[in-house]
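To start, the structure itself, in C-alpha cells.
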Amino acid sequence: MAVQDILNALVDIVDKEGASDLHLSEGRPAVIRVAGFLIPLLKIPSPSKEDMEGFLSILLTPENLKELKEKKEVNFAYSHKVKDRFRGNAFTELGKISIALRLVPQSIKTFAELNLPPILESFAMRQQGFFLVVGPAGQGKSTTLATMVEAINQQRLEHVVTIEDPIEYIFEPKKSLIDQREVKTDTPDFHTALWGVFRQDADVVMIGEMREPDTIATAVTAAETGHLILSTLHTNTASQTVNRIIDSFPADQQDQIRIQLSTSLLGIFSQRLIPRISGGLIPAYELLINNNAVGNLIREKRTHEIDSVIETSSAEGMIDLNRSLATLVRAGEITAENAILFSNNPKTLERMI
C-alpha cells in the first residue's frame, strides 16, 4: 500500500473513532487517543522506517524537514484533504522518527457547546488587558482561546492578529479583520511578531504560547497600551501562573513586572478535561479575576494567598477548581474518583462531595 494510502486510512480511523490524537512510530503499532485513553491499532501493520520517511515527506515542508534534521524535532500543521487539519510534532527517539498529530476540529464551538462558563465571553469583550488560559498539555487551552477569538470575530469590529506555532484553527473573518501569522513561516519568532503588532494597528492579539521572558514582557506592555492580549501557559493553577511569569524574569526586574501584571492582568482561566461518565470529556476549571485584592497580593509578593481569594470570591464570579469538580460529580457527569484524581487539593474535595 502506498504511504499516502496508509496515512489516509489512519486519518479515517481518527475520524471514525472520534480520536483527538494519532501517534506514529517506527516499528510500533499506530496509537490513537480517544476520550483521554490511548488505544493501539493492533490490526494495522506497524510503520516501517520507509513508511515513516514517507509520512515526513507528506507532512513536512522542505523547511520543516531541514529543521527536523538540525534540531531533532519540529512543529508543523497539516491539512488532510478538505475536512481535517492537524497540529503536529515530529521528533527523534532512540535515533528513530516519531510523529504526534493532534486533530484540530474544523468548526469552532461556542462556550455552551464546550461546557465552558459564560463569564469567559465577558473577557473577550474587554478593550484591553491580559487574559491567560492555562493548564497541562492536551487540556483544550487552544480550543478555549479559539472560542474567545471567534466571539470577538462575531461581535466586534476589531483587527485581530494571531501568532501561533503552528496555526491551528483557521478563522473566517466576520465582523473582525483577522490576520494569522505562523512562526517560522510568516515571522521568525513570537517576540518579533508581537513587536510588530504595535505597527499593525492591532486591537486584539492572540499568542499561541508564551515561551520566553521577552515575549511575556512585550505582551504585558501591549496589554497596558490599549490591546487585548490572549495567550496560554503550561501551568496548573492561577497562583502558579502568576509565580511562573514573575520568576521567569531576573530578580532586578521582578518588582517592575509585578506592578505591570497587577494592573494589566484581567484574569486567568485554568482548565482540565475530565473523562465523562456518558463518554467523551468535560472541562473542570478555575477562574481568577483580577480585582483590587488580587492586584495587591501580586504587588506585595503574597501570591500564595491567591488560592484563598478564589475560594471565597464566588460572588464576584471567581471559580474554585474543587467547587467545579464537586458540581460535576453531583450532576452525575464525572466519577468522584476522577474528580479526586484531578483535584489540586483532594482532601478538601472529599469533604465537598
For this session: Taking Ala30 as the residue in question, decide whether it is closer than 26 Å to Gln139 by Cβ, modelled with pLDDT of 95 or more and not aromatic (Phe, Trp, Tyr).
Result: yes
For this session: Determine the pairs where a residue that is charged (D, E, K, R), located within the range 303-322, has a partner that is part of a helix (DSSP H, G or I) with Cβ atoms under 6 Å apart, the partner being 6 or more residues away or on another chain.
Result: Glu305/Leu297; Asp307/Ser239; Asp320/Ile310; Asp320/Glu311
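Just to be sure before I move on: is Leu194 at pLDDT below 95, farther than 28 Å from Arg33 by Cα and of a type in the set (A, V, I, L, M, F, W, C) in the structure I sent?
yes
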Exercise. When you go through (1) closer than 27 Å to Tyr169 by Cβ; (2) hydroxyl-bearing (Ser, Thr, Tyr); (3) touching a strand residue (DSSP E or B) at 6+ places or on another chain (Cβ under 9 Å) one by one for Ser57, which number turns out not to apply?
Worked result: (3)
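Which of the residues spanning the range 324-353 are under 19 Å from Ile119 (Cβ atoms) and crowded, with 19+ Cβ neighbours inside 10 Å?
Ser324, Leu325, Ala326, Leu328
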Exercise. Got a sec? Which of Asp179, Asp186, Asp165 is in contact with a His (Cβ under 9 Å, 6 or more places away or on another chain) and among the acidic types (Asp, Glu)?
Worked result: Asp179
Problem set entry | Extreme residue, surrounded by the fewest Cβ atoms within 10 Å (Cβ to Cβ), among residues of the range 237-293 that are among the hydroxyl-bearing types (Ser, Thr, Tyr) and part of a loop (DSSP other than H, G, I, E, B) | Ser278
Exercise. Which residues, taken from the range 182-217, are part of a helix (DSSP H, G or I) and surrounded by fewer than 23 Cβ atoms within 10 Å (Cβ to Cβ)?
Worked result: His191, Thr192, Trp195, Gly196, Phe198, Arg199, Pro213, Asp214, Thr215, Ala217
Exercise. Taking into account only those residues within the range 218-230 that are touching a residue at least 40 places away in the same chain (Cβ under 8 Å) and closer than 13 Å to Ile257 by Cα, which is surrounded by the fewest Cβ atoms within 10 Å (Cβ to Cβ)?
Worked result: Glu224
Seminar exercise, completed: Scanning the range 117-132 residue by residue, those in contact with a strand residue (DSSP E or B) (Cβ under 6 Å, 6 or more places away or on another chain) and within 22 Å of His234 (Cβ to Cβ) turn out to be Phe123, Gly129, Phe130, Phe131, Leu132
Exercise. If you scan the range 85-119, which residues turn out to be at pLDDT below 95 and of a type in the set (Ser, Thr, Tyr)?
Worked result: Ser107
For this session: Could you tell me whether Leu68 is over 16 Å from His23 (Cα atoms), touching a strand residue (DSSP E or B) at 6+ places or on another chain (Cβ under 8 Å) and of a type in the set (A, V, I, L, M)?
Result: yes
Problem set entry | Residue count, the range 294-345 (criterion: assigned to a loop (DSSP other than H, G, I, E, B), closer than 24 Å to Ile259 by Cα and within 25 Å of the chain's Cα centre (by Cα)) | 2
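When you look at Ile229, is it under 29 Å from Lys83 (Cβ atoms), assigned to a strand (DSSP E or B), modelled with pLDDT of 95 or more and in the same structural domain as Ile257 (by TED's automatic domain parsing), yes or no? I'd like the intermediate steps shown before the answer.
Working: under 29 Å from Lys83 (Cβ atoms): no; assigned to a strand (DSSP E or B): yes; modelled with pLDDT of 95 or more: yes; in the same structural domain as Ile257 (by TED's automatic domain parsing): yes.
Against the criterion (under 29 Å from Lys83 (Cβ atoms), assigned to a strand (DSSP E or B), modelled with pLDDT of 95 or more and in the same structural domain as Ile257 (by TED's automatic domain parsing)), Ile229 does not qualify.
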Seminar exercise, completed: Flagged in the range 128-146 as in contact with a Leu (Cβ under 6 Å, 6 or more places away or on another chain) and part of a helix (DSSP H, G or I), in numbering order, are Leu145
Exercise. Does Arg199 count as charged (D, E, K, R) and closer than 24 Å to Thr144 by Cβ?
Worked result: no
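The values are calculated or read from the model by the stated rules, or taken from the named source; none is laboratory data. Predicted model only: the values in this text are computed from it and were never measured. We place every Cβ from the backbone using ideal geometry, glycine too, and count neighbours over all the protein chains shown.
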